[in-house]
Amino acid sequence: MPCCPRSKAALALLVGLVVVQNGLAVAPEIKDEAKFFSADAIKKANKQIREIERKFGKDLLIETLPAVPADQAAKVKAMSPEEREKFFRNWAVDRAEAAVVNGVYIMIVKDPAHLEIEISSKARASFSKEEFDKLRSALLGKFRNKQFDEGLQEAVRLVEERFAETTSK
């Protein structure tokens, strides 16, 4: 008996929920599509990120992207600063949710230059506004000075430090 489209959609949703509940998310790691970081810095950071996940059960996913999607570029350039902030915030939330991040998601876009940090609901207790601002400032400071590898290491260190102080596994 053929399956109706509604049943297929329900099955796909059910499979998706099972996958999420079983923790089959995108691996926490560095995804450097914009080529900000050296291979050595990525290798070192990925090792630390795996340790964070092992020790604290929390993710750190850092993605660099060369640009906003091509079909959105002109629209984003025409946006007011407030609209642009909202666009990037929503885009980062969508990407973090799609990756099922249980921890910290950092999105770095090259063109137009933008940094967005999202912290999952289960990890928010680890980051006060002051600690969140410290992470953001550290990244922005290093990146403005073209110290990308150092910024990556500082971000990983700060996230690990926060989870170590606030998470018991």
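The values are calculated or read from the model by the stated rules, or taken from the named source; none is laboratory data. Keep in mind that this is a model prediction, so the values were computed, not measured. Methodologically, a virtual Cβ is constructed for each residue, glycine included, from the backbone with ideal geometry; neighbour enumeration extends over all protein chains shown.
Remarks
- Identity of the residue in the stretch 76-96, aliphatic (A, V, I, L, M) and not in a helix (DSSP H, G or I), that ends up farthest from residue 61 (Cα to Cα): 78
- Residue count for the stretch 97-127, restricted to those that are hydroxyl-bearing (Ser, Thr, Tyr), touching a Lys or Arg at 6+ places or on another chain (Cβ under 9 Å) and either surrounded by fewer than 11 Cβ atoms within 10 Å (Cβ to Cβ) or assigned to a strand (DSSP E or B) (or both): 1
- So residue 88, is it under 28 Å from residue 163 (Cα atoms), at pLDDT 95 or above, surrounded by 13 or more Cβ atoms within 10 Å (Cβ to Cβ) and out of contact with any Pro (no Cβ under 7 Å at 6 or more places or on another chain): yes
- Test: residue in the stretch 18-32 that is among the β-branched types (Val, Ile, Thr), at pLDDT 50 or above, part of a strand (DSSP E or B) and closer than 24 Å to residue 97 by Cβ: yes
- Residue that is farthest from the chain's Cα centre (by Cα) [pool: residues in the stretch 55-72 that are over 24 Å from residue 37 (Cβ atoms) and surrounded by 13 or more Cβ atoms within 10 Å (Cβ to Cβ)]: 72
- Selection status of residue 93, under 19 Å from residue 41 (Cβ atoms) and under 16 Å from the mean Cα position of the chain (by Cα): no
- Test: residue 77 is charged (D, E, K, R) and surrounded by 12 or more Cβ atoms within 10 Å (Cβ to Cβ): no
- Pairs where the first residue, in the stretch 44-59, is in contact (Cβ under 8 Å) with a residue 12 or more places away in the chain and outside any helix (DSSP H, G or I) and the second is buried (at least 16 other Cβ atoms within 10 Å of the Cβ) and charged (D, E, K, R), C-beta under 9 Å, 6+ apart: 59/53
- Single condition residue 155 does not satisfy, out of (1) in a helix (DSSP H, G or I); (2) surrounded by fewer than 17 Cβ atoms within 10 Å (Cβ to Cβ); (3) of a type outside the set (Val, Ile, Thr); (4) in contact with a strand residue (DSSP E or B) (Cβ under 7 Å, 6 or more places away or on another chain): (2)
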